[in-house]
Amino acid sequence: MSDIRELVRLLNQLDEELVRCTRCGMCMAACPLYQQTGREIDVARGKLVLLENLSKEILDNPEAVKKRLDRCLLCGSCEAACPSGVKILNVFLKARQIITGYLGLPPMEKAVFRGFLSNPDRFDRLLKWMARLQRPFSKCVNETLGASCAPLLSPVIGNRHYLPLEKTAWHKKAHRQFTKSGHSGFRVALYPGCLIDKLLSRVADAAIEVLDYYDVDIFVADQVPCCGMPALSAGDRQTFECLVEKNIRIFDSVEFDFLITPCATCTATIKKLWPLMTDNLSDDLRRKVLELSDKTRDINEFLVDELNIKALENAAYCEKTVTYHDPCHLKKSLGVAAQPRTLLRALSDWRFVEMREPDRCCGMGGSFNLSHYELSRKIGQKKLDCIIESGADAVATACPACMMQITDLLSHAGHSIAVKHPVELYAETLEKNRGYDELYALDSV
């Protein structure tokens, strides 16, 4: 009975939001999926019409409703373009909760989410074993990009060019407590997110290097629970709330000024979605969710807005060029777009060039890529064209999922354009400048 009441409550919440949609069709011009398929049901307007009759559709054909709702990148392009201000991502995520509440989780998703994702230590052990098992099957296909493929596993993973799992999760090596020695006056908790923790530890290393350079006091937890976005996008509210509570317990035990993350999706999830999707939690937990949300910052945003990193004036003379791809969750959900560009313009060895349509979705969409890989690649082809047309030697983006997608696209196309996080390139600049300073000090002696 309690489950039925919850479904009714969520349906009523949807009704309150759906009445704001005027069917103007502005979402059609913004939706990367609709631009690829031309199907009305693939665009926000079509899905919202479906949701208006959701209670009837659930009884008639729930599997078809789920299939239609799952064909969405959750990129937020439609919400950013909506003149009526419909909170479309909120609607779709709650609709997925309703469908999952009615149908239940598929057995495989239930095993992954409830058995591993909600248990960070068990999840770490699983991925450690997977990292060992991947070696006999993996073959490097692009050394510059660090991309591998696994032809023998193609029936399972498709023809992906992927980034291999790290041997050890980054947080296992990088755990640190506050030292009270940060002369900057800032105390920050660094939250890497799952993809950086398990696949792109070099980004987290670069973040630590930059924060140390500016004497920021840093806390890295000895456990990194997922932010909950995979479970949320699957409609698994139970796992999502479990992960939120685990994170709150960790960060409630220390005092800090900001929670910094180099992952656009984690930033948007904690800052925007946690407050919207945790109304089932206790008042005390809700208060702590709101406090942590308010403290959460993208690392580019923190470096530019709080540490006052400025663009250089002589970058126009640099031979190497870098362009920037706007992650959907960073620009469209949080409005963070200028700060990563400022950081890239602060590089001493790189000249920033803007690509055409920098905020066009790359087609990743998290679980969308897992379920609709070929369609994901077709959507990403336009982003690939924009990157190549820019003529840049490297493409930077502040989202590890986007880094994975762009790496796959470039590798399949036979290109060796480097894929970097802005903080990686900035750390390289600091390291080079430090080398020059040391050399200058030796010469002066």
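Tabulated values for the structure
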| quantity | calculated |
| --- | --- |
| Selection count where residues are over 29 Å from the mean Cα position of the chain (by Cα) and either under 18 Å from N90 (Cβ atoms) or not in a loop (DSSP other than H, G, I, E, B) (or both), scope region 16-26 | 2 |
| Test result for E301, in a helix (DSSP H, G or I), more than 25 Å from A206 (Cβ to Cβ) and acidic (D, E) | no |
| Residue count, region 262-285 (criterion: part of a helix (DSSP H, G or I) and surrounded by 16 or more Cβ atoms within 10 Å (Cβ to Cβ)) | 13 |
| In region 387-401, the residues that are part of a helix (DSSP H, G or I) and either in contact with a helix residue (DSSP H, G or I) (Cβ under 6 Å, 6 or more places away or on another chain) or under 23 Å from T269 (Cα atoms) (or both) | P400, A401 |
| Output for region 320-333, where each listed residue is outside any strand (DSSP E or B) and over 12 Å from the mean Cα position of the chain (by Cα) | K332 |
| Set S416, S348, S371: member being in contact with a Cys (Cβ under 9 Å, 6 or more places away or on another chain) and surrounded by fewer than 21 Cβ atoms within 10 Å (Cβ to Cβ) | S348 |
| Condition check for V203: buried (at least 18 other Cβ atoms within 10 Å of the Cβ) and within 23 Å of L163 (Cβ to Cβ) | yes |
| Subset of region 29-60 [over 20 Å from H372 (Cα atoms) and surrounded by 12 or more Cβ atoms within 10 Å (Cβ to Cβ)] | A29, R45, L48, V49, L50, L51, E52, L54, S55, E57, I58 |
| Selection count where residues are at pLDDT 95 or above and either farther than 16 Å from A392 by Cβ or in contact with a Lys or Arg (Cβ under 9 Å, 6 or more places away or on another chain) (or both), scope region 311-331 | 10 |
| Selection within region 402-419 - of a type in the set (A, V, I, L, M, F, W, C), farther than 17 Å from V336 by Cα, within 16 Å of the chain's Cα centre (by Cα) and in a helix (DSSP H, G or I) | M403, M404, I406 |
| Qualifying residue in region 105-121 (condition: part of a helix (DSSP H, G or I), surrounded by 15 or more Cβ atoms within 10 Å (Cβ to Cβ) and modelled with pLDDT under 90) | no |
| Out of R341, R345, sole residue that is in contact with a Leu (Cβ under 8 Å, 6 or more places away or on another chain), basic (K, R) and either within 27 Å of C227 (Cα to Cα) or modelled with pLDDT of 95 or more (or both) | R345 |
| Residue check for A131: touching a strand residue (DSSP E or B) at 6+ places or on another chain (Cβ under 6 Å) and touching a residue at least 12 places away in the same chain (Cβ under 8 Å) | no |
| Pair list, Cβ < 7 Å and 6+ apart or interchain, from region 370-388 residues that are farther than 18 Å from I417 by Cα to residues that are among the small types (G, A, S) | Y373/G158; S376/G363; S376/G365; I379/G363 |
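Rundown of residues vs (1) touching a helix residue (DSSP H, G or I) at 6+ places or on another chain (Cβ under 9 Å); (2) not in a loop (DSSP other than H, G, I, E, B), yes/no style:
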{"site": "L195", "(1), (2)": "yes, yes"}
{"site": "A206", "(1), (2)": "yes, yes"}
{"site": "Q223", "(1), (2)": "yes, no"}
{"site": "K246", "(1), (2)": "yes, yes"}
{"site": "V254", "(1), (2)": "no, no"}
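The values are calculated or read from the model by the stated rules, or taken from the named source; none is laboratory data. The structure displayed is predicted, hence computed values, not measured ones. Note that we place each Cβ from the backbone using ideal geometry, even for glycine, and neighbour counts take in every protein chain shown.
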